[in-house]
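These notes are about the structure you will find just below.
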Amino acid sequence: MQNPEVFILAIESSCDDTAAAVLHNDKVLSNVVANQLIHNQYGGVVPELASRAHQQNIVPVIDAALRKANITKEQLSAIAFTQGPGLMGSLLVGSSFAKSLSLALNIPLIAVNHMQAHILAHFIDEEGFDKPTFPFLALTISGGHTQIVKVNDFFNMEIIGETTDDAVGEAFDKSAKILGLPYPGGPLVDKNAQLGNPKAFAFTKPKVPGLDFSFSGLKTAILYFIQKKKIENPNFIAENLNDICASIQFTIIEILMDKLKLAVAATGITQIAIGGGVSANSGIRNTLAAAEQKCGWKTYIPKFEYTTDNAAMIGIVGYQKFLTQNFETSSVVSKARIQF
């Protein structure tokens, strides 16, 4: 039986976004994110700068989350935080604050696996969004991860396929960098792809056995293709940017869908959910939505604000752990890599 008055404060600080959310049971009351624009000039996240920015942002972000939720810290039932995976300096800022606040308020502390949170974000009570039933397959796609996960229960998950090298988000960002697009480039590839012809240029899909992925070869192929075309025509990128982006995106989506089809055939599970920052990509969302008719799947696409790093997804895991009294002591440690 659900406790009608569970208030979870959730903190997410795994990379370069400082986020805090307040949940009342499985409903989000507030979800505040502070972005770190300082990394744009370096073309990627600088870990030391990220941890310093988290220190500056964490107090005002948590204060804003509590005020927006219209509750006081004394009403909180527990504090949930991201334990890992992520940048160690960034994780330590969030975990240190969470530990201190839980001790000060004498309320439970809950550690959350960031990647599990991307999957369980689907269980946030959100109007107009269905929740998957167990078991289902989750495709977690981000800058650091590409995984197919068989989800048997809230905390019974099995990785059945993953990247052997680079993640899909890196493939998007590195392709953008090759094309001279500013960081973060993945969303810009998506934006330009919507205006281009996805069949304009053909890129070979990597041959990887089973359900695993590989994107390093595709990145290299794109680099060599662009270098060759620029020798032939120095203005090739400017004249064909939309078509190039559309062709790159089309290839990446085909790689993901091919593996999902294999996973469905291997498991017999036809419920598919996506999560992670790259699940914000419009091409992936549209293709997966179309698979309901094309493949006979039931697909679950999260609300846009729950795709990129956010604390609401940490909060929903915190709520499920609260129901089973799965708490931590202040000796719990942050982990850059963490067992799934």
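Remarks
- Rounded tilt (10° steps) of 236-267 against the dominant C-alpha axis of the chain: 60 degrees
- Accessible surface for the stretch 40-158, divided over its residues, is 42 Å² per residue with a 1.4 Å probe.
- In a fully extended conformation the segment linking residue 35 and residue 261 would gain 77.8 nm over its present Cα-Cα distance, using 0.36 nm per residue.
- Of all aspartates and glutamates in the structure, those lying under 15 Å Cα to Cα from residue 99, and not within fewer than 8 positions of it along the same chain, are 12, 328.
- Set 174/228; 259/303; 27/73 screened for pairs whose C-alpha atoms are more than 22 Å apart: 259/303
- Two-site label geometry, residue 230 and residue 130: point separation in nm, points 7 Å out along Cα→Cβ: 4.7 nm
- Geometric descriptor of the stretch 249-334, per residue, is 146 Å³ (volume of the convex hull of the Cα atoms).
- Environment charge at residue 212 (Cβ cut-off 13 Å; Lys +1, Arg +1, Asp -1, Glu -1): -2
- Residue-averaged 222 nm ellipticity for the chain, from DSSP H runs of 4+ at -39500 (n - 2.57), nearest 500: -13500 deg cm²/dmol
- Dividing the Cα radius of gyration of the stretch 1-144 by its Kirkwood radius returns 0.97 for Rg/Rh.
- Taking the square roots of five times each eigenvalue of the Cα gyration tensor of the stretch 142-200, the equivalent ellipsoid has semi-axes of 29, 13, 10 Å, listed largest first.
- Ellipsoid equivalent to the stretch 91-170 - semi-axes via the Cα gyration tensor, in Å: 27, 19, 12
- Only Cα sites of the stretch 137-277 enter the Debye sum here, all with the same form factor; the resulting log10 I(q)/I(0) across q = 0.12, 0.16, 0.20 1/Å is -0.50, -0.82, -1.16, listed in q order.
- Taking the longest Cα principal axis of the chain as reference, the axis of helix 216-232 is set at about 40 degrees.
- Solvent-accessible ranking of 340, 136, 7, largest area first, probe 1.4 Å: 340, 7, 136
- Translational D in µm²/s for the chain (Stokes-Einstein at 4 °C, 1.567 mPa s, Kirkwood Rh from C-alpha pairs): 63 µm²/s
- Average accessible area per residue (Å²) across the stretch 250-319 - probe 1.4 Å, nucleic acids and ligands excluded: 34 Å²
- Rounded percent of accessible protein surface that carbon and sulfur make up, the chain, 1.4 Å probe: 52 percent
The values are calculated or read from the model by the stated rules, or taken from the named source; none is laboratory data. Note that the structure is predicted; figures quoted are calculated from it, not measured. Glycine also receives a Cβ, built like all others from the backbone with ideal geometry; neighbour counts cover every protein chain displayed. Note: accessible area is taken over every heavy atom of the protein model, side chains too, but ligands, DNA and RNA are not part of it. Shrake-Rupley method; radii C 1.70, N 1.55, O 1.52, S 1.80 Å.
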